């Protein structure tokens with residue numbers, strides 16, 4: 001007993017020195033390897049048994065015994081370290097403090113992590129059992145020799161083990177990522193944070209959804225309601241319904257079951273707490289007031305403003321000068337007004353005329369202004385003309401145009417001046 005206790009204390013001390021990233025990677029790799037090894041051992045023993053008895057008993061009897069053995073398949077995840085894992089995640093999400101005090105939401109989140117692993121294991125065990133039964137039945141129905149049987153089943157079992165290893169890793173990664181974002185939101189809510197910002201890692205493997213959600217401001221109330229639904233789930237299906245995975249961009253408001261990452265398998269996007277600032281400015285030409293809303297001031301950008309779709313748009317000095325001072329001649333008030341008036345948005349069509357079209361989106365306002373984005377950065381904005389809606393329709397992907405007010409998808413939009421009638 002003393003030896004085991006000492007070992008446990010040493011292990012705990014070493015764990016305390018590891019970063020949250022190291023703990024997450026270790027957790028995912030350990031449980032993926034454990035689950036895969038369990039399945040491989042089970043399949044190996046099953047293959048040996050089938051091979052040994054294939055010529056000794058009628059196939060129907062052997063199949064019934066194999067079906068009975070399949071009920072013993074019980075791949076489980078070891079969740080003893082989940083408490084420490086969640087504490088490490090929460091520690092990286094604190095707002096101005098170093099001491100973590102778990103509340104009821106934290107306790108529910110830890111319980112939900114355990115249930116998530118249990119539900120996934122239970123469902124996967126049943127699915128695997130069904131696949132194995134169908135596979136073995138199909139092989140038994142074919143007139144094969146024992147040698148052929150061993151080769152066929154070994155090949156199929158190996159493929160299944162390799163496929164399931166990727167699945168176990170995906171499951172562990174998803175549950176940990178979700179818990180990481182839950183802890184980040186929950187810790188911020190303790191300090192009355194009202195908004196969160198979606199922050200995606202932008203590179204050549206960023207999903208379309210995450211690229212277009214990058215910079216989006218989501219209310220704390222929206223995320224809290226989604227977390228409450230997640231933590232109240234009583235089955236894996238309810239859990240999935242409370243946090244739906246998405247692939248296509250959503251340009252308008254997020255539905256109630258979308259907002260908290262991960263948004264898809266192996267998603268790297270997070271939400272971070274932000275404070276929204278509002279500055280009242282006066283247009284030098286009209287002397288009229290207008291408001292600029294943002295979460296921070298970055299000297300790299302001439303303007304940062306949260307547009308109608310919730311994206312905190314960044315406008316660098318070169319683009320700003322082109323829109324305001326040189327080519328398009330808009331005032332900053334007109335530019336901000338255009339951002340506040342977006343009606344339609346869509347992925348940019350690949351025409352070959354502009355670089356980075358594959359990562360661009362194009363938007364049009366009720367008043368006919370056209371804006372072009374690359375993720376949360378503005379590329380251009382120009383004022384209405386008789387051809388602005390034509391430009392939008394020509395450059396928006398057909399069947400992908402979203403009305404940001406209703407969420408409906410349309411093929412083409414009306415000419416801008418028809419919207420004013």
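All but one of (1) in a helix (DSSP H, G or I); (2) out of contact with any strand residue (DSSP E or B) (no Cβ under 6 Å at 6 or more places or on another chain); (3) buried (at least 17 other Cβ atoms within 10 Å of the Cβ) hold for residue 206, so report the exception by its number.
Residue 206 satisfies every listed condition except (1).
Going by the structure shown, is residue 172 closer than 30 Å to residue 22 by Cα, buried (at least 19 other Cβ atoms within 10 Å of the Cβ) and under 16 Å from the mean Cα position of the chain (by Cα)?
yes
Just the residues that are more than 14 Å from residue 227 (Cβ to Cβ) and touching a residue at least 40 places away in the same chain (Cβ under 8 Å), please, taken from the range 178-197.
Result: 191, 194, 195, 197.
I'd like to verify a number: residues in the range 332-358 that are within 22 Å of residue 291 (Cβ to Cβ) and touching a helix residue (DSSP H, G or I) at 6+ places or on another chain (Cβ under 9 Å), how many?
Residues meeting the conditions: 5.
Taking residue 361 as meeting all but one of (1) in contact with a helix residue (DSSP H, G or I) (Cβ under 7 Å, 6 or more places away or on another chain); (2) over 30 Å from residue 281 (Cβ atoms), write down the number of the exception.
(2)
In the set 368, 329, which member is part of a loop (DSSP other than H, G, I, E, B), outside the structural domain of residue 251 (by TED's automatic domain parsing), under 26 Å from residue 291 (Cα atoms) and in contact with a helix residue (DSSP H, G or I) (Cβ under 6 Å, 6 or more places away or on another chain)?
None of the other options fit; the residue is 368.
Could you pull out the residue among 336, 379, 324 that is out of contact with any strand residue (DSSP E or B) (no Cβ under 6 Å at 6 or more places or on another chain), modelled with pLDDT of 85 or more, not in a loop (DSSP other than H, G, I, E, B) and not assigned by TED's automatic domain parsing to the domain that holds residue 213?
324
To keep it simple, each residue is scored yes or no on (1) surrounded by 14 or more Cβ atoms within 10 Å (Cβ to Cβ); (2) modelled with pLDDT of 85 or more.
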| residue | (1), (2) |
| --- | --- |
| 320 | yes, yes |
| 342 | yes, yes |
| 350 | no, yes |
| 417 | yes, no |
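Matching residues to (1) under 26 Å from residue 174 (Cβ atoms); (2) surrounded by 11 or more Cβ atoms within 10 Å (Cβ to Cβ); (3) at pLDDT below 70; (4) in contact with a strand residue (DSSP E or B) (Cβ under 9 Å, 6 or more places away or on another chain):
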| position | (1), (2), (3), (4) |
| --- | --- |
| 4 | no, no, yes, no |
| 10 | no, no, yes, no |
| 22 | yes, yes, no, no |
| 44 | no, yes, no, no |
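Could you tell me how many of the residues in the range 352-364 are touching a residue at least 40 places away in the same chain (Cβ under 8 Å) and surrounded by fewer than 23 Cβ atoms within 10 Å (Cβ to Cβ)?
Looking only at that region, the number is 1.
Can you find, within the range 238-252, the residue that is farthest from residue 125 (Cα to Cα) among those that are outside any loop (DSSP other than H, G, I, E, B) and in contact with a helix residue (DSSP H, G or I) (Cβ under 9 Å, 6 or more places away or on another chain)?
Filtering first and then ranking leaves 242.
The values are calculated or read from the model by the stated rules, or taken from the named source; none is laboratory data. Everything numeric in this text was worked out from a predicted model, so none of it was measured. All Cβ positions, glycine included, derive from the backbone under ideal geometry; neighbour counts span all protein chains shown.
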